[in-house]
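Below: one structure, written as structure tokens.
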Amino acid sequence: MVRINMGCGWRNFGSDWIHIDGGDYEHLDFKSNLVDIPELEKETADLIYASHVIEYFDRNEVLEVLLEWRRILKPNGTLRLAVPNFEVLSNLYLKKQIKLDNVLGPLYGKMEMDGSFIYHKTTYDFYSLSVLLNSLGFEDIRLYDWRKTEHCQFDDHSQAYFPHMDKENGTLISLNVECNKREF
């Protein structure tokens, strides 16, 4: 089974995974901008996982990114995404259960890369992400439980809760969605 951790950052899932990121990490198999990955042939991956990555691309840029990932996926392969959940964060804020300072990080995502800072360029709810994925040839779009994944032992943003790290009683603030590549 070919599994890819796209935009893995410093998280190393082990030798059973291919690690791709634009940063400079020792465990990377490929350094890439995630838009063009010529090292990977068409229809080679069974699973592409990207945790809190696609929101760094605006709504037009992400089309190219997801089409490249679709090219790499095998027919019926799984695309698994995690993004900040705009609906949940907004509801927590409107109900005064979370302060603005606790919403800024997940929504704007400031991160240092190659000597400068990058920020999230957009956000999603389940509906908007589903429409996007469907328009690009993905089907069976559904939520997934991070506890039931091959990577559940690696704490990443798909496991983001408020209050921070309260995975038993907190509210999951990551929108975790997976789908399959539609066969045409």
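Annotations
- Selection within the range 133-153 - farther than 19 Å from residue 16 by Cα, within 14 Å of the chain's Cα centre (by Cα) and touching a residue at least 40 places away in the same chain (Cβ under 8 Å): 133, 144
- Qualifying residue in the range 103-115 (condition: open to solvent by 70 Å² or more (accessible area, probe 1.4 Å), aromatic (Phe, Trp, Tyr) and without any contact (Cβ under 8 Å) to a residue 12 or more places away in the chain): no
- Evaluation of residue 90 against the conditions (1) under 30 Å from residue 181 (Cβ atoms); (2) of a type in the set (Ser, Thr, Tyr); (3) without any contact (Cβ under 8 Å) to a residue 24 or more places away in the chain shows that the sole unmet condition is (1).
- Note on the range 160-171: residues that are under 16 Å from the mean Cα position of the chain (by Cα) and surrounded by fewer than 19 Cβ atoms within 10 Å (Cβ to Cβ) amount to 1.
- Scanning the range 1-38 for residues that are within 12 Å of residue 51 (Cα to Cα) and of a type in the set (Asp, Glu) gives a single hit, 21.
The values are calculated or read from the model by the stated rules, or taken from the named source; none is laboratory data. Every value quoted in this text rests on a predicted model; they were computed, and no experiment measured them. Note that each Cβ is placed from the backbone with ideal geometry, even for glycine, and that neighbours are counted across all protein chains shown. Quick note on the areas: whole protein, heavy atoms, side chains included, nothing else; ligands and nucleic acids left out. Shrake-Rupley method; radii C 1.70, N 1.55, O 1.52, S 1.80 Å.
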